[in-house]
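In what follows, a single structure is set out as structure tokens and then discussed.
The values are calculated or read from the model by the stated rules, or taken from the named source; none is laboratory data. This one's a predicted model, so the numbers in the text were calculated from it and none came from an experiment. When we count neighbours, we look across all protein chains shown, and the Cβ atoms used for this are built from the backbone with ideal geometry, even at glycine.
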């Protein structure tokens, strides 16, 4: 009797395995680790900073970068193997420091006086140079240190 059940179960298990494996692989699905757009957030408060980025002068803000697919969905699960970089023009506007263990977070310290502006470019890549793709530029305005100065957080 056991050999009869085993004989009946093997085809059922084989069909189930094919269906499950087939459902996991979609040949037409686009690769989702290639971003089409980027959004910046204050990592401490969660407030979105883009598109009109305002950062306090003489203060450090931890910026969280989120990359998005063409459909607008946030791309998750890629931070361990990918990096981001923030580049300001002029460079003297702000300094940036990577956050250890968080490839998509950067501490930004604005050196410019309030009301000064700069252009910010966001880099993306497979190493710390993050120079494979870039987004922006975004206009960044320095605000007075006591002001919240972030779009959407007032």
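Quick notes on this structure:
- Only residues that are in a loop (DSSP other than H, G, I, E, B) and in contact (Cβ under 8 Å) with a residue 24 or more places away in the chain were counted in segment 34-53, giving 10.
- Residue in segment 71-88 that is more than 17 Å from residue 37 (Cα to Cα), buried (at least 17 other Cβ atoms within 10 Å of the Cβ) and at pLDDT 90 or above present: yes
- Test for residue 106: is it touching a residue at least 12 places away in the same chain (Cβ under 8 Å), in a loop (DSSP other than H, G, I, E, B) and either more than 15 Å from the chain's Cα centre (by Cα) or surrounded by 14 or more Cβ atoms within 10 Å (Cβ to Cβ) (or both): no
- Scanning segment 109-134 for residues that are in a loop (DSSP other than H, G, I, E, B) and modelled with pLDDT of 95 or more yields 111, 112, 113, 114, 115, 116.
- Each residue in segment 96-111 was checked for being touching a helix residue (DSSP H, G or I) at 6+ places or on another chain (Cβ under 9 Å) and at positive phi, and 0 pass.
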